[in-house]
Amino acid sequence: MKISPFKLERYFDKYEFSAPYLLSSSDCEPLTLEELLSLDTSGISAGFGKTKLGYTESKGNPELREEICKLYTNLTPDDILTLVPEEGIFISMNILLEKGDHVVTTFPGYQSLYQVAVDIGCEVSKWEPDENLNFQVGDLQQLIRPNTKLLVINFPHNPTGSMLTEKELTQVVELARKNNITIFSDEMYRFMEYDEGNRLSSVSDLYENSISLFGLSKTFGLPGLRLGWLTTRNQEFMQRLITFKDYTTICNNALSEKLGIIALQQKEAVIARSLSIIQTNLAEIESFAKQNSSWFKWRTPKAGSIAFPKLDIQGSVMDFCQDLVNKKGVMLLPHNVYDFSRPHVRIGFGRKNLPEVLDVFNSYVKDSAVVA
Ligand SMILES: Cc1ncc(COP(=O)(O)O)c(C=O)c1O
């Protein structure tokens, strides 16, 4: 199988470590090692010096899987396979799909969620949001065919920040159940609901014929640990996932697993930290949006660290983003990297320096001729 370039990752690669101001990051402010260790109350870090830097258990450290299990209601540690989040997508698509299968996926989206299927030779139908960036279950219903094998969903959604209600998620699951369709549910932005009442169940808790993905990269501000997990109650899927992982990473990084246990034991504090940064930043963006409402079409999401406002500007959004990064060093992701035709940009508001970056963006906007 030949895999196509990942447009978003290639765009990031160009600017992530050279542009001084990132306005499209999807993760929350990464913790320093010092910050994370300061949260350790169970003494794990005291034993770090004695940690054997050998191979680790392929499914993941049992204590780590115990902690992950507490994030779910109907799972046991045996239903959890830890790995790198992106690896989880690649492996799942490979074990679930064959050439010729029909797949339905939320779109726009994180490219690997549909690109791996396309490159395997599947036919992929896109479940797209309406003008207000809301996903309608009725639209999904229209896309289901007798040979639909897999439904790929991602809520809270990258890049729009859109959510379903629990009732809508249940309808989606029932639709899949009725049509014997497997669901792959990317839940990387879970636990970032601004109102806990909007928190969605994990699909792996609701539906046996599913695989869910979550990890420490976004909500927990620890993408550098490269630690995530797949959850499924389908033991046949689990065996096939484990078998495939032998050809990718085999097992996790021993130190990341220990640091991951600390983060999960202290999840309330870590998540509260992320949400507090998001709340401060949202107030800043809302004020910017009010002043620029003629061209910057903002709506505050219900969850997550990203949104996808429409830009009503003269000329192309790609040119705007290029000029902005060249002149001011502010990186904004244009809609083109998502293969999405409507003129949107992804804004990330999980990082602490958002107010400073927004100031620089504002100084560009004030001098720009393309903004009415
Ligand atoms: C929706 C979604 N899924 C999966 C991933 C992959 O996570 P990671 O980069 O930590 O492997 C990302 C990263 O941006 C994402 O946004």
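The values are calculated or read from the model by the stated rules, or taken from the named source; none is laboratory data. Note that the coordinates shown come from a computational prediction; the quantities given were computed from them, not determined experimentally. Cβ placement follows ideal geometry from the backbone for every residue including glycine, while neighbour counts extend to all protein chains displayed. For accessibility, only protein heavy atoms count, side chains too; no ligands or nucleic acids. Shrake-Rupley method; radii C 1.70, N 1.55, O 1.52, S 1.80 Å.
Filtering the range 336-359 to residues that are closer than 14 Å to S24 by Cβ and open to solvent by 20 Å² or more (accessible area, probe 1.4 Å) leaves N336, R351, N353.
Taking the listed residues S276, S341, the one that is of a type outside the set (F, W, Y), free of Cβ contacts under 8 Å to residues at least 60 places away in the same chain and over 30 Å from L216 (Cα atoms) is S341, with no other qualifying. When E57 is tested against (1) of a type outside the set (G, A, S); (2) surrounded by 11 or more Cβ atoms within 10 Å (Cβ to Cβ); (3) under 25 Å from the mean Cα position of the chain (by Cα), exactly one condition is not met: (3). Does E67 qualify as being open to solvent by 30 Å² or more (accessible area, probe 1.4 Å) and away from the ligand (no atom under 16 Å from the Cβ)? Taking the combined requirement at face value, the residue does not satisfy it. Of everything in the range 2-32 that is surrounded by 13 or more Cβ atoms within 10 Å (Cβ to Cβ) and in a helix (DSSP H, G or I), the residue that is farthest from the ligand (Cβ to nearest atom) is Y15.
Within the range 84-136, the residues that satisfy the criterion of being within 16 Å of the ligand (Cβ to nearest atom) and small (G, A, S) are G88, S92, G109, S112, A117. Does the range 222-238 include one or more residues that are farther than 27 Å from N94 by Cβ and more than 22 Å from the chain's Cα centre (by Cα)? Looking for residues that are farther than 27 Å from N94 by Cβ and more than 22 Å from the chain's Cα centre (by Cα), one finds none in the range 222-238, hence no. Within the range 184-203, being within 15 Å of the ligand (Cβ to nearest atom) and of a type outside the set (K, R) holds for F184, S185, D186, E187, M188, Y189, F191, M192, L200, S202, V203.
Given the structure, is L255 within 16 Å of the ligand (Cβ to nearest atom), touching a residue at least 40 places away in the same chain (Cβ under 8 Å) and either surrounded by fewer than 19 Cβ atoms within 10 Å (Cβ to Cβ) or under 20 Å from D27 (Cβ atoms) (or both)? Answer is no for this residue. Could you tell me whether S212 is touching a Leu at 6+ places or on another chain (Cβ under 8 Å) and within 12 Å of the ligand (Cβ to nearest atom)? It is true that S212 is touching a Leu at 6+ places or on another chain (Cβ under 8 Å) and within 12 Å of the ligand (Cβ to nearest atom).
Within the option set I261, I250, being part of a helix (DSSP H, G or I), among the aliphatic types (A, V, I, L, M) and more than 16 Å from the ligand (Cβ to nearest atom) holds for one residue only, I261.
The set of residues in the range 34-53 that are surrounded by fewer than 13 Cβ atoms within 10 Å (Cβ to Cβ) and either closer than 28 Å to Q235 by Cβ or among the hydrophobic types (A, V, I, L, M, F, W, C) (or both) comprises A46, F48, L53.
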